[in-house]
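Report on one structure; see the data block that follows.
Coordinate-derived values only; no laboratory data. None of the values given here were measured: they were computed from a predicted structure. Positions of Cβ are generated from backbone atoms using ideal geometry, with glycine treated the same way; all protein chains shown enter the neighbour counts.
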Amino acid sequence: MIRIENVEKSFRKLPVLKGVEVEMEKGKIYAFLGPNGSGKTTLLKSILGLVKPDKGAIYIAGQDIQKNWEYRRRIGYMPQIAHFPENLNVEELFRMIRDIREMKGDNEELVKYFQLEKHLKSPLKTLSGGMKQKVNAILALMFDPEILIFDEPSTGLDPVSHLKLKQLILRERDRGKTILITTHILSEVGELADEIIFLLDGKIFFQGTTEELLASQEEKNLERAIAKITDREEFEKLAKREQHTSAVSRLFHWVA
Ligand SMILES: Nc1ncnc2c1ncn2[C@@H]1O[C@H](COP(=O)(O)OP(=O)(O)OP(=O)(O)O)[C@@H](O)[C@H]1O
Ligand SMILES: [Mg+2]
């Protein structure tokens, strides 16, 4: 469904993507992991055509995206940081996006699902952070796109809304959508991801299932496996401190 070939991108002198090669199939959820600043958002924006790679190519359903802009209509995007036209209210925003995209789009059911009916007439600037996230999620989903890209969608969502969003993501996957998501919430990775794609030093360090990632690091816990990959030195210091603390607490236990 999506093929990324040798994509490179630098910002001024800073190389961020250094030859990214990855393939994603239809009907799966891919979780993009990697430390802050590892290029996850940059890579997702490259797929959306919002960032132009210096080198390489991206294919969606076999089409080179540089040569075919129509593909954008098939992608729903929930950005990490959303910028709304603040003077509009929620309803007006939905209408504006429908007009721009010249597509019908159905937000009614989604508004109900996220319990936003009462806020349809609220100016966007008065919405809380979590409410803005819900509006953002609705914008990504309302045109029923084949590919969904969620860049840290859960930030600021309360537990009920978070559960609802996760259920929605799984439902869309089961309807055959291809879903790309970044998150630092690791429980979400376990619950949602069919595959993990781990970005490190500008390249794909790992692609595979959660179980395969754990096995590759000889760890049982995803947080530890990721910490080990990201910063081996810090991880070993932490592990030493942990051993020390548990030895001391065992000693206390014994003395007591
Ligand atoms: N428009 C830009 N101009 C200059 N530098 C940029 C730009 N966008 C991203 N960068 C830099 O590229 C690097 C990768 O940023 P990116 O936002 O892709 O990281 P990320 O993996 O999404 O991080 P996070 O987990 O914090 O969201 C960072 O060093 C960032 O400062
Ligand atoms: Mg990011």
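Some notes on this structure:
- Extension gain for the segment Lys13 to Asp174, taken as residue separation times 0.36 nm less the Cα-Cα distance, is 53.8 nm to one decimal.
- Integer Hz, Karplus 6.51/-1.76/1.60 couplings in order for the stretch 71-77, x for Gly and Pro: 4, 4, 5, 8, 10, x, 10
- Counting other Cβ atoms within 10 Å as a rough exposure proxy, the listed residues Ile185, Ile196, Ile226 run Ile185, Ile196, Ile226 from fewest neighbours to most.
- For Tyr30, Tyr113, order by how many other beta-carbon atoms lie within 10 Å, fewest first: Tyr113, Tyr30
- Arranged from fewest to most other beta-carbon atoms within 10 Å of their beta carbon, Val111, Val90 become Val111, Val90.
- Rounded FRET efficiency, nearest 0.05, which uses the C-beta distance separating Arg95 from Val160 and R0 of 41 Å: 0.90
- Per-residue ³J(HN,Hα) for the stretch 33-46, Karplus 6.51 cos²θ - 1.76 cosθ + 1.60, θ = phi - 60°, Hz, x for Gly and Pro: 10, x, x, 3, x, 7, x, 4, 4, 4, 5, 5, 5, 5
- Applying the Karplus relation 6.51 cos²θ - 1.76 cosθ + 1.60 with θ = phi - 60° to the stretch 11-18 yields 3J(HN,Hα) values of 10, 6, 9, 8, x, 9, 10, 10 Hz, where x marks Gly and Pro.
- Above-threshold pairs, the threshold being 26 Å between Cα atoms, out of Lys9/Lys104; Lys67/Lys134; Lys104/Lys132; Lys52/Lys132: Lys9/Lys104; Lys67/Lys134; Lys52/Lys132
- Relative contact order of the stretch 2-208, pairs being alpha-carbon contacts under 8 Å that are 6 or more residues apart, as %: 32 percent
- Exposed trypsin sites (Lys or Arg not before Pro) absent - longest run of the chain, DSSP non-H/G/I/E/B, at most 14 other C-beta within 10 Å: 122-174
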